[in-house]
1. Which pairs do you get when a residue that is at positive phi, found in the stretch 157-168, comes within reach of a residue that is assigned to a loop (DSSP other than H, G, I, E, B) and surrounded by 12 or more Cβ atoms within 10 Å (Cβ to Cβ), reach meaning Cβ atoms under 8 angstrom, with the pair 6+ apart or on two chains?
2. Go through the stretch 154-175 and give me each residue that's within 21 Å of residue 142 (Cα to Cα) and either in contact with a Lys or Arg (Cβ under 6 Å, 6 or more places away or on another chain) or among the aromatic types (Phe, Trp, Tyr) (or both).
3. Name the residue, out of 26, 5, 86, that is surrounded by fewer than 13 Cβ atoms within 10 Å (Cβ to Cβ) and either under 27 Å from residue 128 (Cβ atoms) or of a type in the set (Gly, Ala, Ser) (or both).
4. In the stretch 79-106, how many residues are in a helix (DSSP H, G or I) and modelled with pLDDT of 90 or more?
5. If you take the residues in the stretch 53-80 that are open to solvent by 40 Å² or more (accessible area, probe 1.4 Å) and without any contact (Cβ under 8 Å) to a residue 12 or more places away in the chain, which one is nearest to residue 98 (Cα to Cα)?
6. Restricting to the stretch 128-141, and then to whatever is among the charged types (D, E, K, R) and open to solvent by less than 100 Å² (accessible area, probe 1.4 Å), can you tell me which residue is farthest from residue 183 (Cα to Cα)?
Amino acid sequence: RHLYQQKKIHNKRKKRTKDILHRLKQNISALPDATVLLNDMLEIEWSNSPAQYLLGIDPRHDVGQRIGNLIRDPQFLRYLITPDKQTSIEIESPIDNNSTIHIQIVRFGHNQRLLTARNVSDTKQLQESLKNFVANASHELRSPLTVLSGYLDGLADDPDIPGDWVQPVSQMREQAQRMNRIVAELLELSRLES
């Protein structure tokens, strides 16, 4: 009777553990990021469905394959071996040359690794568009500001300027100089981002 009770308790624990594991797999599979579990030999133990369209890893056929055989980017292979040297990398997608993916690897357990990947192409394109906009807007503003500053400098230095115009011209000149500094800073920011 005691053995029967122990076996019953063991079976309940086993069922509860299986249920928790099943729910955990469902939750991870629902994530939009690719998630791949690697063993100590860097072989795929499990992956979710986004790993298929982001990394080209088929969860049904690629279990047991070394991840380095499927993703052959040299930067990725260096990062895979020593993920502690940098927090993450961005590489070209192995299945779409026009996509950029952000990969992060975390060690856990007995030298196992959890790899997560996210498509950052839209973010990169947005950043590039913003950088181009800032550079173009700065260049376009620079020409009219130069003309305005030239006329304002001429007016400010003119001894025949009416007395009630001295202060407004001085304020306009200061604001034009301020705008020139802002444009110069925007151009510098664009240059640094490049």
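The values are calculated or read from the model by the stated rules, or taken from the named source; none is laboratory data. None of the values given here were measured: they were computed from a predicted structure. We place every Cβ from the backbone using ideal geometry, glycine too, and count neighbours over all the protein chains shown. What goes into the accessible areas is simple: the full protein's heavy atoms, side chains included, and nothing from ligands, DNA or RNA. Shrake-Rupley method; radii C 1.70, N 1.55, O 1.52, S 1.80 Å.
1. Between residues of the stretch 157-168 that are at positive phi and residues that are assigned to a loop (DSSP other than H, G, I, E, B) and surrounded by 12 or more Cβ atoms within 10 Å (Cβ to Cβ), there is no close pair.
2. So the first thing to find is which residues in the stretch 154-175 are within 21 Å of residue 142 (Cα to Cα), and the list is 154-156, 169-175.
Within the stretch 154-175, 156 is the sole residue that qualifies.
3. Working: 26 fails: either under 27 Å from residue 128 (Cβ atoms) or of a type in the set (Gly, Ala, Ser) (or both); 5 fails: either under 27 Å from residue 128 (Cβ atoms) or of a type in the set (Gly, Ala, Ser) (or both).
It is 86.
4. To start, the set of residues in the stretch 79-106 that are in a helix (DSSP H, G or I) comprises 79-81.
From what's left, modelled with pLDDT of 90 or more: 79.
Summing the residues that are in a helix (DSSP H, G or I) and modelled with pLDDT of 90 or more in the stretch 79-106 gives 1.
5. 74
6. Going through the stretch 128-141, the residues among the charged types (D, E, K, R) turn out to be 128, 131, 140.
The next check asks that each one be open to solvent by less than 100 Å² (accessible area, probe 1.4 Å); those that pass are 128, 131.
On the way: 128: 19, 131: 14 Å.
Filtering first and then ranking leaves 128.
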